[in-house]
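Here is the structure we will look at, set down as structure tokens.
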Amino acid sequence: MRQYIRMKRHMGRQIFGVLIVLMVIAGLWPEHTRAEPLVRAVGPIEITVADMERSVSFYEQVLHFKKLSDVEVHGPEYEHLQGVFRLRMRMVSLQLGQEMVVLTEYLAPQGRPIPVDSRSNDGWFQHIAIIVSDMDQAYQHLRQHKVRHASTGPQTIPVWNKAAAGIKDFYFHDPDHHNLEILWFPPGKGHARWQNKNELFLGIDHTAIVVADTERSLHFYRDTLGLKVAGESENYGIEQERLNNVFGARLRITGLRAAAGPAIELLEYMAPRDGRIYPADSKANDIWHWQIHAITPNPDDAFNVLRPGKTTFVSNGSVALPKNSLGFNKGLLIRDPDGHALLLRP
């Protein structure tokens, strides 16, 4: 009898092992059990703009970014990558500290502007958080350049919020009405390099996106892409309302990081829950479009991993690009569960 029981247990373990293998092949086994994450690094952050000269001037002169490259591309490969027919793109790479942004102007076809009544709890909201060494000086610098406020002014996170106590931040707009944030970390918070006092604008700590359901987004970013949760907090009160310019704002905030690059911060509005969803007909040439470059060893493998699930593909598979003109030779554009875009590339 004991031998029979041992034999049954052994057969059960064998069957279970076979099932695991089959589920991994099918993409049904939890992704966070994989030995290597699908995404190894995050960045640069790409932003669609309407007028390249105006935007480059703003990011260089107001925020002290430095231009690295300026290229213009067109052709079927780029059309299939971005999901925009007959496109011609001009792309300018800019660096601040160790991080980069890519500004992309669609010379053809031109997309739609950001809705003038956009709020920080709308589903298409995204920003980058630029770290400053002195909040008062940085705010006065922005005022001198007549930036458009999104917050009423710099806000200080209160002491009861242990995860973020003492952090100062301020939201404002670039010339296309994209949301940007300047952020100051007190000693002991944030990366050690954010305590550098030699420059006013130091680099990009994270990009933040509005999500409808944190758990659903965690399944995508943590379990599927392999990012790790780096911090969590729940923010509310008058300071948060004035920062986001949303009356009654109460947010669940979850930060995720890859092995390198800026964090991706999930912003779920617990209240008010009247934010509009990301437009289903969005295209990469619409000015509200951002795309996060997510570095993966092989976009073909990423496509095979993501295909069995519910991932929304903008690209029809991994697209090979000619001449390495964008700094990489292959890419795959996808959308997360809320519509935010990620470019998976080597």
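The values are calculated or read from the model by the stated rules, or taken from the named source; none is laboratory data. Please read these numbers as outputs of a predicted model, since none were measured by experiment. Neighbour counts run over all protein chains shown; Cβ positions are idealised from the backbone, glycine included.
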Open item on the list: Could you go through the stretch 123-146 and let me know if any residue there is touching a His at 6+ places or on another chain (Cβ under 7 Å) and in a loop (DSSP other than H, G, I, E, B).
Closed with: no
Task: Count of the stretch 246-277 residues which are surrounded by fewer than 16 Cβ atoms within 10 Å (Cβ to Cβ) and part of a loop (DSSP other than H, G, I, E, B) - done: 9
Task: Any chance residue 41 is surrounded by fewer than 16 Cβ atoms within 10 Å (Cβ to Cβ) and out of contact with any Cys (no Cβ under 6 Å at 6 or more places or on another chain) - done: yes
- [ ] Quick one: in the stretch 151-204, of everything that is of a type in the set (Val, Ile, Thr) and surrounded by fewer than 14 Cβ atoms within 10 Å (Cβ to Cβ), which residue is nearest to residue 257 (Cα to Cα)?
- [x] 159
Open item on the list: Between 171, 221, which is outside the structural domain of residue 291 (by TED's automatic domain parsing), of a type in the set (Phe, Trp, Tyr), within 28 Å of residue 310 (Cα to Cα) and touching a Leu at 6+ places or on another chain (Cβ under 7 Å)?
Closed with: 221
Open item on the list: Tally up the residues in the stretch 290-346 that are among the polar types (S, T, N, Q), surrounded by fewer than 22 Cβ atoms within 10 Å (Cβ to Cβ) and part of a strand (DSSP E or B), please.
Closed with: 1
- [ ] Would you be able to tell me the number of residues in the stretch 103-129 that are touching a strand residue (DSSP E or B) at 6+ places or on another chain (Cβ under 8 Å) and either polar (S, T, N, Q) or surrounded by 15 or more Cβ atoms within 10 Å (Cβ to Cβ) (or both)?
- [x] 15
Open item on the list: Looking at (1) more than 18 Å from residue 42 (Cα to Cα); (2) part of a strand (DSSP E or B), which one does residue 231 not meet, given that it meets all the others?
Closed with: (1)
Task: Residue count, the stretch 210-236 (criterion: within 13 Å of the chain's Cα centre (by Cα) and closer than 25 Å to residue 118 by Cα) - done: 3
Task: From 56, 62, 132, residue being farther than 28 Å from residue 338 by Cβ, assigned by TED's automatic domain parsing to the domain that holds residue 249 and surrounded by 14 or more Cβ atoms within 10 Å (Cβ to Cβ) - done: 132
